[in-house]
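Structure first, commentary second.
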Amino acid sequence: MTDGHLFNNISLGGRGGTNPGQLKIYSGGILWKKQGGGKAVEVDKSDILGVTWMKVPRTNQLGVRIKDGLYYKFAGFRDQDVASLTNFFQNNCGITPEEKQLSVSGHNWGEVDLNGNMLTFVTGSKQAFEVSLADVSQTQLQGKNDVILEFHVDDTTGANEKDSLMEISFHIPNANTQFVGDENHPPAQVFREKIMSVADVGTGVEEAVVTFEGIAILTPRGRYSVELHLSFLRLQGQANDFKIQYSSVVRLFLLPKFNQPHTFVVVTLDPPIRKGQTLYPHIVLQFETDYVVESTLSINEDLLNTKYKDRLEPSYKGLIHEVFTTIMRGLSGAKVTKPGKFRSCQDGYAVKSSLKAEDGVLYPLEKSFFFLPKPPTLILHEEIDYVEFERHAAGGSNMHYFDLLIRLKTEQEHLFRNIQRNEYHNLFDFISSKGLKIMNLGDVRTADGVAEILQNDDDDAVDPHLERIKNEAGVDESDEEDEDFVIDKDDGGSPTDDSGEEESDASESGNEKEKPAKKDQRKEAAVAAAASSSKESKKKGRDGQDDGKKKKRKKKDPNAPKRAMTGFFYFSQAERENVKKSHPGIPFTEVSKILGDRWRKLPSK
């Protein structure tokens, strides 16, 4: 690309493990997006302080340090990418990347380099390891020479994460020249004070800034006490307790219900929290819409006037969902998404629908679709390949409804069923305004053409969607039943957990690809079921025209004359023994081939 470089399968390193994604390096800066949606990192060119290259096992790692003290590590580059990107940074950003080497000696002594919020342990001028001081929860001085760093441990986890760093112990002798001290102030204490100044840890960290009691949470299900701390969120219930770092909070959603006294507040996480074998990337809280609350923040005044200036106030009074969202946004720095321009036929923000076996509401937002309450499913517009409007598969009285199919670029599909027919125009106009591709009902591309088909209540009317599926899959139009076709049941493969009810609360991850074999089976099963439904509908219509009653199938007469045999059958009976005599030991299948060849060579008369 002329403006920069685009790389796939580039992993972003962090506390939650490595996350693969797409990295774009262009003249304006750096943009990384997680594969399958979720976390995104955007760095402006003017905020870049330094760039480093390091050779790591099987690949190369790019380190980017920015003005806020943060340090991003991107891994997955080839050797030829290093040279091209080095020239790009020099020519477009005026930055010459520094080359670092990784120590593999195994030595546990060396020097400590504190740069921004990163602590790097160096042995023999080579880097042994580095940790982010933003992940440090507490420091302890043990004796006179040992300093222990304790790291945040919460309930979020990466997909492949097995172990987490709990603590590191450093021994700083009195003869250390890097952190100079005296008899009353040893070098270990000097080192600890520098760590505390960067890591921003103190006695007030464990105290809750504000607490909301008895909040109903739909995913994971339960009633919890929600504590907002300076660096993390805690959910305390009767049976479960979750601790979530604010660095895992990607976005907040404030979505009111229509004609109901409740409002959804969704906390989107990356990495998600885990309970048993179930991952929860979305926490769905439900507040009473008209409930007014007054809260005073338990926070140091100096901290409020410095770090949280223009982000938090000493006290709040207002609707509980607005107060919670405002404080949560101030502490975590996450953005809040609210309903956009879409309005339903009843002037609401969402349309009623069902996903799989669950009823809920679908929110068409400015940059995404969000289905709530369970399974909470977030679909970004940029991940959508196309959408498709479908007549309701059941037909009959259910023709007052239609289905909306959303297919992702990953080939995953989400089918939202039982949407009221009068919501069609609003949805069609909204989707069209967002520039999303509509693959709808064969060659019918206009809103009026689609609406005419959706509004057709005649059960005998041709279903264009069914016809298109049959044309693509090559379904036979014969009225004979295919008794050899067996539909295999697919239960979706839900994960194992202690409670089956809680498993159903888990959201659609959107990152897992269905296996091709299973996907083909489901497609064939859907085509066969749709074709069978259409045939039965046509048969019922023909039977109703005669006497209004279902006709009984005639019983087969065992004494009825058999169908006449063909000439080839008589020929085969007469010539079979001759073929066997002329070809001793010939297989049965070869006999049929020879008979067929002799039959074709006979004159037509």
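The values are calculated or read from the model by the stated rules, or taken from the named source; none is laboratory data. Since we're looking at a predicted model, the values are computed, not measured. All Cβ positions, glycine included, derive from the backbone under ideal geometry; neighbour counts span all protein chains shown.
Please name all residue pairs, on different chains or six or more residues apart, with Cβ atoms under 6 Å, provided the first residue is in the stretch 265-292 and is assigned to a loop (DSSP other than H, G, I, E, B) and the second residue is surrounded by 19 or more Cβ atoms within 10 Å (Cβ to Cβ).
From residues that are assigned to a loop (DSSP other than H, G, I, E, B), the pairs are 289/263; 291/320.
Within the stretch 119-147, track down each residue that is under 34 Å from the mean Cα position of the chain (by Cα), under 30 Å from residue 184 (Cβ atoms) and touching a residue at least 12 places away in the same chain (Cβ under 8 Å). Show your work before the answer.
Initial filter on the stretch 119-147 (under 34 Å from the mean Cα position of the chain (by Cα)): 119-120, 129-138.
Still in the list and also under 30 Å from residue 184 (Cβ atoms): 119-120, 131, 133, 136-138.
Correct list: 119, 131, 133, 136, 137, 138.
Among the residues of the stretch 72-120, count how many are at pLDDT 90 or above and among the aromatic types (Phe, Trp, Tyr).
2
Quick one: in the stretch 296-333, which of the residues that are in contact with a Gly (Cβ under 9 Å, 6 or more places away or on another chain) and part of a helix (DSSP H, G or I) is farthest from residue 233 (Cα to Cα)?
303
Only one of 180, 210 is farther than 16 Å from residue 109 by Cα, at pLDDT 85 or above and not charged (D, E, K, R); which?
Values: 180 fails: at pLDDT 85 or above.
Going through 180, 210 in turn, just one is farther than 16 Å from residue 109 by Cα, at pLDDT 85 or above and not charged (D, E, K, R): 210.
Which residues, taken from the stretch 206-225, are of a type in the set (Val, Ile, Thr), free of Cβ contacts under 8 Å to residues at least 24 places away in the same chain and not in a strand (DSSP E or B)? Before the answer, list the steps.
The initial filter retains those residues of the stretch 206-225 that are of a type in the set (Val, Ile, Thr), namely 209-211, 215, 217, 219.
Going one step further and asking which of them are free of Cβ contacts under 8 Å to residues at least 24 places away in the same chain, we end up with 211.
Result: no residue meets the conditions.
Between residues in the stretch 360-375 that are part of a loop (DSSP other than H, G, I, E, B) and residues that are among the acidic types (Asp, Glu), which pairs lie under 9 Å by C-beta distance while being six or more apart or on different chains?
367/382; 373/358; 373/505; 374/358; 374/505; 375/358; 375/505; 375/508
Please indicate, with yes or no, whether at least one residue in the stretch 555-570 is out of contact with any helix residue (DSSP H, G or I) (no Cβ under 6 Å at 6 or more places or on another chain), modelled with pLDDT of 70 or more and assigned to a loop (DSSP other than H, G, I, E, B). Walk me through how you get there before you give the answer.
Going residue by residue through the stretch 555-570, those that are out of contact with any helix residue (DSSP H, G or I) (no Cβ under 6 Å at 6 or more places or on another chain) are 555-567, 569-570.
Okay, now just the ones that are also modelled with pLDDT of 70 or more, so 565-567, 569-570.
When the remaining residues are screened for being assigned to a loop (DSSP other than H, G, I, E, B), the result is 565-566.
Checked against the condition, which is being out of contact with any helix residue (DSSP H, G or I) (no Cβ under 6 Å at 6 or more places or on another chain), modelled with pLDDT of 70 or more and assigned to a loop (DSSP other than H, G, I, E, B), the stretch 555-570 yields at least one hit.
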